[in-house]
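Written out below as structure tokens is the structure these notes cover.
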Amino acid sequence: MKRLADTQVAIVGLGLMGGSLAGALRGQCRAVVGVARRAETIETALALGLIDRGATDLTSGVRQADVVVLATPVRVILRQLAEIGPLLPEGCLLMDLGSTKAQIVAEMARLPEHVQPLGGHPMCGKEVAGLEAADPALYRGRTFILTPLERTSEAALGLGRALAQAVGACPLVLGPERQDHLVGVVSHLPYLLACALVATVDALTSADPAAWEVVAGSFRDASRVAASDVTMMLDILLTNREEVLKALDVYQTQLHDLVQLVEGGDEDEMRTILSTIRERRLEMFP
């Protein structure tokens, strides 16, 4: 396969993730082509300097691409995979940025043999959506999960690694089930916990305007991801439902244990358990 510097990369979907990837890749490959449904989106991406050229038609946008990246919501990716295969040139590397992998990889397995498939999931994002929020530095220093299929060649995986590294990310190869389990626990579960926290605070304090005068950084930090794009999160939750439910079940057990701890009021026991949890958190982020 070609070196990344010699490739034409087509990015389908110019929202936050796709626009940021385009901006980070521009100048690191031969050309970056943005594909979006609306001409206004292409015009904005050009004005922001994120792409070299654009197309509103999928066929023309990917016709000459060496690498195609699907940067759309997960269930849209699943629909696009069913139609895009015959449009791609011989040996084209087809990647995605979807947050869940098992269903996407299963659909990738049905692609025509002339296409090289590679699942991808960069562990980054913002609470704000849309092209205007795009940031070429978004991927810098972040893990970029790559999920090859059995049919994915070493050369194709190498090109995927090179793409991740070119945008400043750290590639990590994982199987689809392992990625969905891990991300379900460390990313998808926290979203629901943040939503529950916001709903709880609203239910208990909405009648008292002083609540927003005393709100502290702990609430802002813990509730931050509840502001994430709902359409994106629905796709994630509905395509990783089993792993999310498993994580929620364990969390409910942990929360129940903490309720009993507070109800019991045993200071020594509380100190021991909370200190253990504190130490675990310090080990996670030294």
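Readers should treat all values here as calculations from the given coordinates under stated rules, not as data from a laboratory. Keep in mind it's a predicted model, so treat the numbers as computed, not measured. Cβ atoms come from the backbone with ideal geometry, glycine included; neighbour counts cover every protein chain shown.
For this structure, a couple of remarks:
- Using θ = phi - 60° and Karplus 6.51 cos²θ - 1.76 cosθ + 1.60, couplings along segment 204-214 (whole Hz; Gly, Pro as x): 8, 10, 4, 7, 10, x, 5, 4, 7, 7, 10
- Remark: C-alpha extents of segment 179-284 on the principal axes read 43, 37, 24 Å, sorted largest to smallest.
- Exposed-site-free run, longest, the chain (rule: GluC sites (Glu not before Pro); DSSP loop; at most 10 other C-beta within 10 Å): 151-286
- Phi-based couplings in Hz for segment 138-150 (Karplus 6.51, -1.76, 1.60; Gly and Pro marked x): 4, 8, 5, x, 9, 6, 10, 6, 10, 10, x, 8, 4
- Anchor Lys2: lysines whose Cα lies under 28 Å away (excluding residues fewer than 8 positions away in-chain): Lys101
- Extension gain for Trp212 to Ala82 (0.36 nm times residue separation, less C-alpha to C-alpha distance): 42.0 nm.
- Here the chain carries DSSP beta bridges of which approximately 20% are antiparallel, counting only pairs with both residues inside.
- Taking Cβ atoms as reference points and 11 Å as the exclusive limit, the residues near Thr100 contribute a net charge of -3, counting Lys and Arg as +1 and Asp and Glu as -1.
- Working note: Cα gyration tensor of segment 232-286, eigenvalues times five, square-rooted, sorted largest first, giving semi-axes of 30, 16, 7 Å.
- Distance histogram for the chain (every C-alpha pair counted, 10 angstrom bins, percent rounded to whole numbers): 6, 25, 31, 19, 11, 6, 1
- FRET efficiency for the Ala155 to Arg38 pair, using the beta carbon distance and R₀ = 30 Å, is estimated at 0.30.
- Note on segment 4-174: with charges restricted to the Cβ of Lys and Arg (+1) and Asp and Glu (-1), its dipole about the Cα centre is near 240 debye.
- Across segment 35-115, Cα-Cα pairs more than 18 Å apart make up 44 percent of the total.
- Rounded D (µm²/s) - segment 4-174, Kirkwood Rh over Cα pairs, Stokes-Einstein at 4 °C, 1.567 mPa s: 84 µm²/s
- The reciprocal of the average 1/r between distinct C-alpha atoms defines the Kirkwood hydrodynamic radius, which for segment 128-254 equals 17.4 Å.
- Burial ordering of Leu261, Leu237, fewest other beta-carbon atoms within 10 Å first: Leu261, Leu237
- Full-stretch length increase - Arg53, Leu258 - with 0.36 nm per residue and alpha-carbon distance subtracted: 68.3 nm
- Extension gain for the segment Glu127 to Thr272, taken as residue separation times 0.36 nm less the Cα-Cα distance, is 48.7 nm to one decimal.
- As a length-normalised measure over Cα pairs under 8 Å and 6 or more apart, the relative contact order of the chain settles at 16 percent.
- Per-residue ellipticity at 222 nm from helix content only, as computed over the chain with -39500 (n - 2.57) for each DSSP H run of at least four residues, stands at -15000 deg cm²/dmol.
- Separation of the Ala203 and Leu172 label points, Cα + 7 Å toward Cβ, nm: 3.4 nm
- Per-pair calculated FRET efficiency, R0 = 35 Å: Arg3 and Glu279 via Cβ, rounded to 0.05: 0.15
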